[in-house]
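We did not get these values from a lab; they are worked out from the coordinates using the rules stated. Quick caveat: nothing in here was measured; it's all calculated off a predicted structure. Ideal geometry is used to build each Cβ from the backbone, glycine not excepted, and the neighbour counts take in all protein chains shown.
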């Protein structure tokens, strides 16, 4: 039984997965105090699914990118639970979780997560072997620099704030070939985090995922990236 925790931004999401079925999931936006909300939400989800903490065999957590204050809450709880019970802890990026939840589109996929101070973390993906696979490294960008960099037909998913909506409309008016994906697909869900984590566990060993070594990912600015 795997518990997945994502608090990387003000979108918070939890899921329980037994390796075959998604047993329960809870996702909500606008969390204002993840420090006090998270532990009770975990207890509620476990109770609703008839699962005890002792039945957990693994944990998964979002490693970002995201906003620091929110991100650290989920990682701290996941690391504490995993370390106390000797369980593997699988880290999955917010961008990979978003990509995993998207259906097939004929074109590229761009996923974004807000990281504060007017910046977004951007990941690019292409469809291969029945799933979205990463295309290059993730980078920190602005909305304007993102839309300027679009190099072919693409679909956009993730957290699109008012500034992003405005920049998207301007880009489309200038014939940038990018389409915004429907809201239901843009919501980052821990069910997909759980499925990504199970796949990685099946391809490795529990010892490959020690809680003590899990750290948030570091995403650099596109301007500072080396060729």
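Backbone N atoms of segment 51-71 closer than 16 Å to the 7 Å Cα→Cβ label point of residue 163 belong to residues 66-68.
Axis of helix 34-48 versus longest Cα principal axis of the chain: the two differ by about 60°, to the nearest ten degrees. Compared with the dominant Cα axis of the chain, that is its longest principal axis, helix 68-85 is turned about 30°.
The angle between the Cα long axis of helix 162-173 and the longest principal axis of the Cα atoms of the chain comes to about 40 degrees, rounded to the nearest 10.
Ranked by the mean number of other Cβ atoms within 10 Å of their residues, highest first, the peptides 25-37, 122-134 fall in the order 122-134, 25-37.
What is the antiparallel percent of DSSP beta bridges lying wholly in the chain, to the nearest 5?
DSSP beta bridges in the chain are roughly 60 percent antiparallel.
Extension gain for the segment residue 44 to residue 27, taken as residue separation times 0.36 nm less the Cα-Cα distance, is 4.8 nm to one decimal. Modelled spin labels at residue 137 and residue 199, positioned 7 Å past Cα toward Cβ, are 2.3 nm from each other. Contact order, relative form, for segment 126-187: 36 percent (alpha carbon pairs under 8 Å, 6 or more residues apart, mean separation divided by residue count).
Size of the chain from its Cα atoms: along the principal axes, largest to smallest, the extents are 56, 38, 33 Å.
Working value for segment 73-149: equivalent-ellipsoid semi-axes of 28, 19, 8 Å, each the square root of 5 times a Cα gyration tensor eigenvalue, largest first.
Normalising the average separation of contacting C-alpha pairs (under 8 angstrom, six or more residues apart) by the number of residues puts the relative contact order of the chain at 24 percent. Packing order of peptides 40-51, 88-99, highest average first: 88-99, 40-51 (average count of other Cβ atoms within 10 Å over each peptide's residues).
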